[in-house]
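Peer 1: Here it is, the structure in full.
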Amino acid sequence: MPTHPPTPLLRRLSSAVTTLALVVLLALAGGLAAPAAHAAVHGPDPTDALLEASRGPYATAQVDVSSLLVSGFGGGTIYYPATTSEGTFGGVAIAPGYTADKSSLAWLAARLASHGFVVFNIDTLTRLDQPDSRGRQLLAALDYLTQRSSVRGRVDATRLGVMGHSMGGGGTLEAVDDRPSLRAAVPLTPWNLDKTWSGVRTPTLIIGADNDTVAPVASHAVPFYTSLPSSLDKAYLELNNATHFAPNTTNTTIGKYAVAWMKRFIDDDTRYDGFLCPGPDRGLTVEEYRSTCPF
């Protein structure tokens, strides 16, 4: 009987069967593994010197956002890494404290951006807004940053965090309580009448100050920390010889550990574990540090 060359369809079927057989063999041999989840690693390996410097490894740019162009918060300034060669970066929104404006935390916003974040340092609707309002405003700012801002293409909307001072710190707790998908929070000398945050699911670093008479740590920062779930990745850092307004001027300790926390949990960058776990010893700038280490 004469033979005929296989048709194109038969050739394709044969190739598919061969490929399938190879895949099965590789799997049985342990040579086929599920794709691993990757951290968003940006920048050089961290060192004390790098984290204690006034600026990180990235050159930054900034853009002002008028309050007339947004709703739900008072506008602000976005700081971001100038590079376009490393893909997207995590995003952070920062809220000021009672009666303050964005200028009070501009130093920290710029510093965070220089370590590889897109940072929205916001003004609030009024300077008298309470923590619950500031929490909603932080979320509105993140939504604007990722959906409407001129730099939205630089931001990974799945990797976001919040930060704030005083009532902005209380608002930070409000924001993560309302939106558990946020990856990191750093309340700075926070103030809030609500002392119980057992519903928070976002890794949270609370920074208090031993000489704070506006939001004393015994009635604010410490109860906030202890009320967070024990199963949560959380830490409490108390500044030594510092007041409620320590976050309003350049502060090496705040900058170092706020950056490390955001890098560890927004970027899932485990290179920063060593700075947070076990964390700093008591010394000239640190009164106390506690955490649920290991992370």
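Readers should treat all values here as calculations from the given coordinates under stated rules, not as data from a laboratory. Nothing here was measured: the structure is a model prediction, and the numbers come from that model. FYI the Cβ positions are ideal-geometry reconstructions off the backbone, even for glycines, and counts take in every protein chain you see.
Peer 1: Nearest 5 percent is fine: what portion of the DSSP beta bridges confined to the range 59-291 is antiparallel?
Peer 2: Values: 15 of 39 bridges.
Within the range 59-291, antiparallel bridges account for around 40 percent of the total.
Peer 1: With a 10 Å radius around each residue's Cβ, average the other Cβ atoms per peptide and rank 272-283, 113-124, highest first.
Peer 2: Numbers: 272-283: 15.2, 113-124: 27.8.
The densest-packed peptide leads the list: 113-124, 272-283.
Peer 1: Multiplying the sequence separation of S227 and A82 by 0.36 nm and subtracting their Cα-Cα distance, what value in nm do you get? Walk me through the numbers on the way to the answer.
Peer 2: Working: separation 145, 0.36 × 145 = 52.20 nm, distance 3.92 nm.
Extending this stretch completely gives an extra 48.3 nm.
Peer 1: If you place +1 on the Cβ of every Lys and Arg and -1 on the Cβ of every Asp and Glu, how big does the dipole about the Cα centre of the chain come out, in debye to the nearest 20?
Peer 2: Details: 23 positive and 26 negative charges, 201 e Å.
Approximately 960 debye in magnitude.
Peer 1: Compute the distance in nm between two label points, each set 7 Å from the Cα along the Cα-to-Cβ direction, one at S150 and one at V63.
Peer 2: Here the modelled spin labels are 0.5 nm apart.
Peer 1: Also, quick follow-up: State log₁₀ I(q)/I(0) for the range 165-281 at q = 0.13, 0.19 Å⁻¹ as given by the Debye formula over alpha-carbon point scatterers of equal weight, solvent excluded.
Peer 2: Listed by q, the Debye log ratios stand at -0.44, -0.97.
Peer 1: Over the chain, with a Gaussian network built from C-alpha contacts below 10 Å, which listed residue (A209, A53, A258) shows the highest mean-square fluctuation?
Peer 2: Greatest mean-square fluctuation among the candidates belongs to A53.
Peer 1: Turning to a different aspect of this structure: Going by how many other beta carbons lie within 10 Å of each one, how would you line up F224, F265, F245, fewest first?
Peer 2: Final ranking by Cβ density, sparse to dense: F245, F265, F224.
Peer 1: For a footprinting-style exposure proxy, rank T189, T202 by other Cβ within 10 Å, fewest first.
Peer 2: T202, T189
Peer 1: Then there is this: Could you state the orientation-averaged shadow area of the convex hull built on the Cα atoms of the chain, in nm² to one decimal? Each step should come with its number before you reach the end.
Peer 2: Numbers: hull surface 83.1 nm².
Taking the Cα atoms of the chain, their convex hull projects to 20.8 nm² on average.
Peer 1: Select from the range 105-167 those trypsin sites (Lys or Arg not before Pro) which occupy a DSSP coil region and have at most 12 other Cβ atoms within 10 Å, ordered by residue number. List each step's numbers first, then the result.
Peer 2: Details: sites: R111, R127, R134, R136, R148, R152, R154, R159; in loops: R127, R148.
Counting only loop positions with at most 12 other Cβ atoms within 10 Å, the trypsin sites (Lys or Arg not before Pro) in the range 105-167 are R148.
Peer 1: Further, regarding this structure: Using only Cα atoms, locate the centre of the range 229-295 and the centre of the range 136-189, then give the distance between them in Å, rounded to an integer.
Peer 2: Result: 19 Å between the Cα centres.
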